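The values are calculated or read from the model by the stated rules, or taken from the named source; none is laboratory data. What you are looking at is a predicted structure, and each value in this text was computed from that prediction instead of being measured. As a convention, Cβ positions derive from the backbone with ideal geometry for all residues, glycine included, and neighbour counts pool all protein chains shown.
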Amino acid sequence: LKIKQVTLHHITQRLKSPFYSSIGHVIDRESILVELTDQEGQTGWGEVVAFSTPWYTEETITTAFHLLKDLFIPLILNQSIAHPEELQQLFSPYKRNNMAKASIDGAIWDLYAKRQNVSLSHALGGKKTKIESGVVIGMSSIKEMSEQIRSYVDEGYKRFKVKISPKQDISIIEEIRRDFPTLPLMADANSSYTLADVHRLKELDQFNLMMIEQPLAADDIIDHAKLQEAINTPICLDESIITVDDARKAIELGSCQIINIKAGRVGGLTESKKIHDLCFQHKIPVWCGGMIETGISRAQNIALASLPNFSIPGDISSSSKYWEEDVVSPEIKAVSGVIPVSQKPGLGYEVKSDIINKNRLSKTVIKA
Ligand code: OSB
Ligand code: MG
């Protein structure tokens, strides 16, 4: 396929309720939706999942816009691309900026699957026809968090994640365990601890957590290996895993027992698949992370999570958890904690231009 036109839709949407973690919060979610058009007028969609400020990774919506417009889009326009995996070679002169790269990677995979007349799930090698859905409880008072968990339990969600930090950890987990002794529960620390906190983290062992996600620094795998030696709760890495090589090293060192894969963080679906395959070989289960994203990225996540080693329910919840109106149709909805994997060509969802127009900040069209 040959890309003849790229449209960058810069939008912003107010979340239904603000999202809090130990390192940042989101009230208004800015996104760039990337629409690629090929020589036959077929379109593919991707999404930049970077945030407005660099609180989760170093990228922002503004840096991604610059890299897309000035470097990555000129690289792909008019290029003959036989398979999405070729993008890695095309992007190789430019370091990192994975969320910007992943937006194009996702759109090319969508386009490629449509051209092959297969679902994105099928194109990636996915076999599952439905995936299990987990949910994240934002930081708040213990009472509010417990109430939220109660209602998500009633909706049927299969895995529950709470955000923790040294300021709010043992107390909250203890309280939740009192109310929900057998809940499939995990905690995400977003790098809020250091090795000096090992005793505190060891105390969490008594609560039978499925895992603790990214307790230590985003750029570390050495201290995580030391911590994993000292605690029984399995460590899951999120921020620390940027490439398949990071995953190999972390597995070799014993820095984690589980990996969270986010296509945005690792530069796209091709790299996500490589990490998935490596983890499969090493019996390291993976799950699909979330970025408070629109239905475009959610649809991509569903397809990715249909691969066999995504054996733990991920952060793929109903669109209605965050959005009044999502940008795709049909609505993405977990029913009894399960989301069907679309078998339609490509992402398998229609993008709603009226919702994009309503939330639009700008539109940039770049032609070959
Ligand atoms: O650390 O997994 C994280 C959201 C934004 C940035 C980082 C993280 C998260 C989440 C997932 O926890 C939230 C979601 O999309 O449901
Ligand atoms: Mg995380």
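Observations on the structure shown:
- Single residue of D70, D28 found to be assigned to a helix (DSSP H, G or I) and either closer than 22 Å to S240 by Cα or outside the structural domain of C288 (by TED's automatic domain parsing) (or both): D70
- Meets criteria (in a loop (DSSP other than H, G, I, E, B), of a type outside the set (K, R), buried (at least 24 other Cβ atoms within 10 Å of the Cβ) and not assigned by TED's automatic domain parsing to the domain that holds A107) for I316: yes
- Identity of the residue in segment 283-337, within 12 Å of the chain's Cα centre (by Cα), closer than 22 Å to I61 by Cβ and among the hydroxyl-bearing types (S, T, Y), that ends up nearest to ligand 1 (Cβ to nearest atom): S297
- Of all residues in segment 231-240, those being in a loop (DSSP other than H, G, I, E, B) and either within 11 Å of ligand 2 (Cβ to nearest atom) or surrounded by fewer than 21 Cβ atoms within 10 Å (Cβ to Cβ) (or both) number 6.
- In segment 41-57, the qualifying residues are those that are in contact (Cβ under 8 Å) with a residue 12 or more places away in the chain and outside any strand (DSSP E or B), and the one that is farthest from S191 (Cα to Cα) is Q42.
- Residue within segment 357-365 that is assigned to a strand (DSSP E or B) and closer than 21 Å to S121 by Cα present: no
- Test result for A217, outside any helix (DSSP H, G or I), surrounded by fewer than 18 Cβ atoms within 10 Å (Cβ to Cβ), within 16 Å of ligand 2 (Cβ to nearest atom) and not assigned by TED's automatic domain parsing to the domain that holds N98: yes
- Single residue of segment 250-271 satisfying the filter (more than 20 Å from N190 (Cα to Cα) and part of a helix (DSSP H, G or I)) that is nearest to the chain's Cα centre (by Cα): L269
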